[in-house]
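Visitor: The structure under discussion is supplied below as structure tokens; questions concerning it will follow.
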Amino acid sequence: MTIPPSTLPTGERIDKALTAHLGLSRSRIQDSITRGCVTVNGKTVSKHYALEAADTVDVNIPEESIERAPLAAEPTVLFEDEHFLVVNKPAGVLVHPTESSREETLVDWIRVHAPSVTGVGEDETRPGIVHRLDRDVSGVMVVAKTQEAFAHLKAQFANRTVRKEYLALVHGVMAQPDGEIRFS
């Protein structure tokens, strides 16, 4: 992947800038720089290299071949048109990959169900994703299928014009009449 000039912040260390830009761990970025998988203007650099405005950065970090566990449960499509995909994310499913996860995610499912979503948004590891739900929570997720829809949804969440409603179902007798529930 080629990152054109002026995309990454000038003066920032390359390892920090790529960590933020690619959404990978800093140690993985630093290891990739050390192994020569990252070049600036065609030359290898150290992790301490300070980016300049005219720098073109090439990143060739090979995907790790990880056998992923299948989804805990399949998402259900509630609505879909050319702009949006609305799904019910089951409990037990991660929305997007993490460094330590070894299971398929909602993003993996979306890439198969709606491949055109790839490239939508600001982070290629979270295509079309504007919000998320914790792994242990089920609920409705709205995914943008176009860049315009992504910007529209992002603005709605930023301006808090989206109304979110949560419902907790409890089995048994509660030990206290009120309090906080924390997932471990």
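The values are calculated or read from the model by the stated rules, or taken from the named source; none is laboratory data. Keep in mind the model is a prediction, meaning the values are calculated, not measured. We place every Cβ from the backbone using ideal geometry, glycine too, and count neighbours over all the protein chains shown. What goes into the accessible areas is simple: the full protein's heavy atoms, side chains included, and nothing from ligands, DNA or RNA. Shrake-Rupley method; radii C 1.70, N 1.55, O 1.52, S 1.80 Å.
Visitor: From Thr146, Thr125, grab the single residue that is among the polar types (S, T, N, Q), in contact with a Gly (Cβ under 7 Å, 6 or more places away or on another chain) and more than 27 Å from Ile181 (Cβ to Cβ). Don't jump to the end; show me each part of the working.
Guide: Values: Thr146 fails: in contact with a Gly (Cβ under 7 Å, 6 or more places away or on another chain).
The unique qualifying residue is Thr125.
Table: residues versus (1) more than 16 Å from Ser32 (Cβ to Cβ); (2) under 19 Å from the mean Cα position of the chain (by Cα); (3) modelled with pLDDT of 90 or more; (4) exposed (fewer than 10 other Cβ atoms within 10 Å of the Cβ).
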residue	(1), (2), (3), (4)
Glu52	yes, no, yes, no
Val57	no, no, yes, no
Pro62	no, yes, no, yes
Glu67	yes, no, no, yes
Phe79	yes, no, yes, no
Pro90	yes, yes, yes, no
His96	yes, yes, no, no
Ser100	yes, yes, no, yes
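Visitor: Examine the stretch 115-123 for a residue that is open to solvent by less than 40 Å² (accessible area, probe 1.4 Å), among the acidic types (Asp, Glu) and in contact with a helix residue (DSSP H, G or I) (Cβ under 9 Å, 6 or more places away or on another chain), and state whether such a residue exists. If you could, list the steps in order and put the result at the bottom.
Guide: Of all residues in the stretch 115-123, those open to solvent by less than 40 Å² (accessible area, probe 1.4 Å) come to 117, 120-121, 123.
Retained after the next criterion (residues that are among the acidic types (Asp, Glu)): 123.
Still in the running and in contact with a helix residue (DSSP H, G or I) (Cβ under 9 Å, 6 or more places away or on another chain): 123.
Yes, the stretch 115-123 contains at least one residue that is open to solvent by less than 40 Å² (accessible area, probe 1.4 Å), among the acidic types (Asp, Glu) and in contact with a helix residue (DSSP H, G or I) (Cβ under 9 Å, 6 or more places away or on another chain).
Residues checked against (1) assigned to a loop (DSSP other than H, G, I, E, B); (2) of a type in the set (A, V, I, L, M, F, W, C); (3) under 22 Å from Pro75 (Cα atoms):
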{"site": "Thr125", "(1), (2), (3)": "yes, no, yes"}
{"site": "Leu153", "(1), (2), (3)": "no, yes, yes"}
{"site": "Val162", "(1), (2), (3)": "yes, yes, yes"}
{"site": "Tyr166", "(1), (2), (3)": "yes, no, yes"}
